[in-house]
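Read-outs: derived from the displayed coordinates by stated rules, not from any lab. Please read all numbers here as calculations on a predicted model, not as lab measurements. Here the Cβ positions follow ideal geometry from the backbone for every residue, glycine too, while neighbour counts run over all protein chains shown.
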Amino acid sequence: MLSSARRTKDQRADVIVVGSGLAGLSAAHRIAEAGLSVAVLEASGRPGGRMVTDQVDGFLLDRSGRLLTTGSMELTRHAGLSSLVLRPFSAGVLVRSGGRSRRMPELRSTRGALTTVRALAHAARAPRSDALDQARLTAALNRLAGTPTGRTLARPERSAAEALSSRGLPARTVDGFLRPLLAALLGDPELTTSSHCADLALRGYARGRLCLPAGGASALPDLLAAALPPDTVCTGVRAVSAATTSVTTADHGVLGCRAVVVATDARSASELLPGLRVPDFHPATVLHHTAEAAPTEEPALFLDADRRGPVSHTAVVSATDPSRTPPGRPLITSTVLGPVSAEPIGVLDKAARRQLAELYGTCTEDWELIGAHHDPEAVPAMPAPHDFQRPVRLLSGLYVCGDHRDTSSVEGALISGRRAADALLGDFGLAAAPSAPAAAAA
Ligand SMILES: Cc1cc2nc3c(=O)[nH]c(=O)nc-3n(C[C@H](O)[C@H](O)[C@H](O)COP(=O)(O)OP(=O)(O)OC[C@H]3O[C@@H](n4cnc5c(N)ncnc54)[C@H](O)[C@@H]3O)c2cc1C
C-alpha cells in the first residue's frame, strides 16, 4: 500500500481522511460520491479499525463480539453497505436467570409486533408470574418501539441503572433480562451509561432483531473500502499532526490537501487535535472456542443474568452465520465485559468454560480456544449527560468524526462520518448524495 501513499503525495487529494474505521470510510464514501478526490490514511496494516475479523484455520474470528440490530437505519440505508447481509439471531434471546433458561420477547417490527395479548398467550404454558412479567415487558418494549427520538430524549437523563429501577417493572424483569441485555448492547456491565443512550439501544432492540454481519465484522469496512476508488485507502501511514490543508505523517512526509477529516479513535484524535476531551472507556475481551459438536443448534444469543462467571453474552455464532467456520466445525463466541476482562486470557478461559458448561448444559473441557482478543478501550463511556451530536466541524477545512462524537457504536461511527462529510461538503458548497435502499436481512 506504500505506492498509494506515494500516489497521494504526488497527486494531491482534495480531502485527506485520517483513520479507516467505519467513521472514516463512511465520511470518505460520502465525500467521494460528491465528486471530490479522497485519500484515507490508516496507521495499521488493514482498514476497519475496531471492526476487524481475523482468519484462523478457516474460522473467521471477530476481535469484537459484535451485536447489530436490523432496525438500524444508518446501517441498512448506507449507500456503501447496500450488499451487506445481516444474519439475525432467529431463535431470539435466551436468558439464564435464577438457574432457569427463558426465551425473551422479540418484537421484530412495528407491523409484526407482539401484542400484550399474544405475549400472554405465548407464555400461557409458563408459570403465571412469568407470563405476567413477559406481558408487561412486551407492553413496555412495544411502547418504547413506537416512541419518537425527541420524546425519548425529553425524559429525565440519569444513569441507565437508576432509570431501570424507577420504571415500575418487577425486579425479576429488570435483573433477569433488561440489565444483562443492556450490558451486552452498551458494553457496560455496571450500566453507568446515560439512560437516553440505553433507551435508544433498547428501542433498536424492540424495533428490529439482533443480528451479525455475514462473514464477520470486517464485512462492513471491506464493503465501504471496496466502494471507494482504487488505492483510496493507504495502510501503514500514521498521521502525527493535522491542519486544515495538510497532514504530517510519521514516515511519508507532509501531504497537502484542501481539507482534513480526523476519523481516529478518541485517544488518537485528542493527540492530533489537542483540546479534544478523552473519554473514559469500557474494556472488553472476546473468546472464541470450537468443539467436536455444537452445544446447541439454536441461532440465539445467550445472556447470563445470574453472572456466574465472567461471560456477559455468548452465542454459537456458526448457527447464525455458518460462513464463519469450516464445514462441520462449530464456533462459540463469548464476550467478557468490565474490569474482569483485563484478567489473563488463561484465567478467563478457565472461568468461562465453567460458566459456559452451565449455560449450554454441556461439558466444555474438550473445547479448544482458537482466538481471544482484549481491547482496554473497546467502547467510549457515555455517562449522563450525553451529547449525541458533538461538533464535527472544528474549522473550515478541519473536521473530526468517530464513535466518540455520537454514540459508541457501529451506528454512531457511521452517523458521525456522515455528519463530518456533510459539514465539509457544505463548506465546499457541494450537495451530499441521498441514501440507498435497505440492506437484506437473510
Ligand atoms: C470488543 C468490542 C465490542 C463492541 N461491541 C459493539 C456492539 O456490540 N455493537 C456496536 O454497535 N458497537 C460495538 N463496538 C464498538 C464499535 O466497534 C465502534 O464504535 C466502531 O467500530 C468505531 O469506529 P470508528 O471509525 O469510530 O473508530 P475505529 O474503528 O477505532 O477506527 C479508527 C481508525 O483510525 C486509525 N488511526 C488511529 N490513529 C491514527 C493515526 N495517527 N494515523 C492514521 N490512522 C490512525 C486506527 O488504526 C483505526 O483503524 C464494540 C467494540 C469493541 C472493541
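If you rank M73, M104 by fewest surrounding Cβ atoms within 10 Å, what's the result?
By the 10 Å Cβ count, ascending: M73, M104.
How big is the shadow of the Cα convex hull of the chain, averaged over all directions, in nm²?
So the Cα hull casts an average projection of 20.6 nm².
Taking 35 Å as R0, compute the FRET efficiency from the Cβ-Cβ separation of R12 and S82 and round it to 0.05.
After rounding to 0.05, the efficiency reads 0.70.
Using packing as a proxy for protection, rank 417-430, 220-233 so that the peptide with the highest average count of other Cβ atoms within 10 Å comes first.
So the peptides 417-430, 220-233, ranked by packing, come out 417-430, 220-233.
Given the DSSP H assignment, sum -39500 (n - 2.57) over each helix run of at least 4 residues in the chain and divide by its residue total; what's the result at 222 nm in deg cm²/dmol, nearest 500?
-9000 deg cm²/dmol
Work through the residues other than R155 whose Cβ is under 15 Å from its Cβ and net out their charges, Lys, Arg +1 and Asp, Glu -1.
Working: positive: R143, R151, R158, R167, R203; negative: E157, E162, D199.
It works out to a net charge of +2.
I'd like to compare 342-352, 42-52: which one has the highest average count of other Cβ atoms within 10 Å, and what's the full order after that?
Descending packing order for the listed peptides: 42-52, 342-352.
Quick one: dipole size for the chain, taken about the Cα centre, charges +1 on Lys/Arg Cβ and -1 on Asp/Glu Cβ, in debye to the nearest 20.
1340 debye
Please give the net charge around S101, taking every other residue with its beta carbon less than 14 angstrom from that of S101, where Lys and Arg add +1 and Asp and Glu add -1.
Once all neighbours under 14 Å are counted, the net charge is 0.
Amide H to amide H under 5 Å from L331: which residues, 5+ apart in sequence or cross-chain, H placed 1.01 Å off N in plane?
V317, S318, A319
Which length gain, in nm to one decimal place, applies between V56 and A432 when the Cα-Cα distance is subtracted from 0.36 nm times their residue separation? Please list the in-between numbers first.
On the way: separation 376, 0.36 × 376 = 135.36 nm, distance 3.97 nm.
Stretched out fully, the V56 to A432 stretch lengthens by 131.4 nm.
By the scheme Lys and Arg +1, Asp and Glu -1, what is the net charge of all other residues having a beta-carbon under 12 Å from that of R87? Spell out each step's value before the answer.
Values: positive: R66, R209, R324; negative: D321.
Net of charged neighbours comes to +2.
Compute the label zone of L153 within the stretch 176-203: residues whose backbone N is under 15 Å from the point 7 Å along Cα-to-Cβ.
In the stretch 176-203, the label zone of L153 (backbone N under 15 Å from the point 7 Å along Cα→Cβ) covers 194-201.
Using θ = phi - 60° and the Karplus curve 6.51 cos²θ - 1.76 cosθ + 1.60, what whole-Hz ³J(HN,Hα) does each residue of the stretch 186-192 get, with Gly and Pro shown as x?
These are the phi-based 3J(HN,Hα) values: 9, x, 9, x, 8, 6, 7 Hz.
If you average over every viewing direction, what projected area does the convex hull of the Cα atoms of the stretch 389-439 give, in nm²? Don't jump to the answer; show the numbers that get you there.
Details: hull surface 15.3 nm².
Taking the Cα atoms of the stretch 389-439, their convex hull projects to 3.8 nm² on average.
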